Amino acid sequence: MTKEHPRIEEFLDELAGSHGLRLQTHCDLDREHFGRCGGTDHRPLVKRILHRMGFSSAQVKQTLLYFDSSKLGCDCSVYLDILNADGAYESQLSEYRRVLDTARAGAFA
């Protein structure tokens, strides 16, 4: 699973959804790791989503190696990195917080 994969949007939706990070109900941007990400380098949510999408064990391993080489150590860093191809994790998280704050402000205006 790379940013160019034809099913990347499906992967992101699943990772953000109820079987993944649960961003709609569990998004706490004041934490270092948001959603249901425990910050572990095992990326259990990414593995679960890929298996649910029908990827083989070999494909999951290959994807995890790709994420390792990209220094994406946890589930939420994978999500953020795919959303934004440029910049370090911290700047991506900052940008995500800004966009979310803007969206919230617009929803209550």
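The values are calculated or read from the model by the stated rules, or taken from the named source; none is laboratory data. Everything quoted here is computed from the prediction, not taken from an experiment. Glycine also receives a Cβ, built like all others from the backbone with ideal geometry; neighbour counts cover every protein chain displayed. What goes into the accessible areas is simple: the full protein's heavy atoms, side chains included, and nothing from ligands, DNA or RNA. Shrake-Rupley method; radii C 1.70, N 1.55, O 1.52, S 1.80 Å.
Just to verify a result, which residue in segment 3-28, among those that are outside any loop (DSSP other than H, G, I, E, B) and open to solvent by 80 Å² or more (accessible area, probe 1.4 Å), is nearest to Arg48 (Cα to Cα)?
Quick first cut of segment 3-28, residues outside any loop (DSSP other than H, G, I, E, B) only: 8-16, 23-26.
Checking the rest, the ones that are also open to solvent by 80 Å² or more (accessible area, probe 1.4 Å) come to 9, 13, 24-26.
On the way: Glu9: 16, Asp13: 13, Gln24: 18, Thr25: 19, His26: 18 Å.
Applying the filter and picking the extreme gives Asp13.
Out of segment 38-65, which residues are among the basic types (Lys, Arg), within 13 Å of the chain's Cα centre (by Cα) and open to solvent by 50 Å² or more (accessible area, probe 1.4 Å)? Lay out the reasoning, then the answer.
From segment 38-65, those among the basic types (Lys, Arg) are 43, 47-48, 52, 61; that's our starting set.
Subset that is within 13 Å of the chain's Cα centre (by Cα): 43, 47-48.
Selection gives Lys47, Arg48.
Being assigned to a helix (DSSP H, G or I), of a type outside the set (S, T, N, Q) and in contact with a Phe, Trp or Tyr (Cβ under 8 Å, 6 or more places away or on another chain) is the filter here, so list the residues in segment 48-84 that pass it. Even if it seems obvious, please write down each step before you answer.
Within segment 48-84, the subset assigned to a helix (DSSP H, G or I) is 48-52, 57-69, 75-83.
Imposing the further condition that a residue be of a type outside the set (S, T, N, Q) reduces the set to 48-52, 58, 60-61, 64-68, 75-76, 78-83.
Ile49, Leu50, Cys76, Val78, Leu80, Asp81, Ile82, Leu83, listed by residue number.
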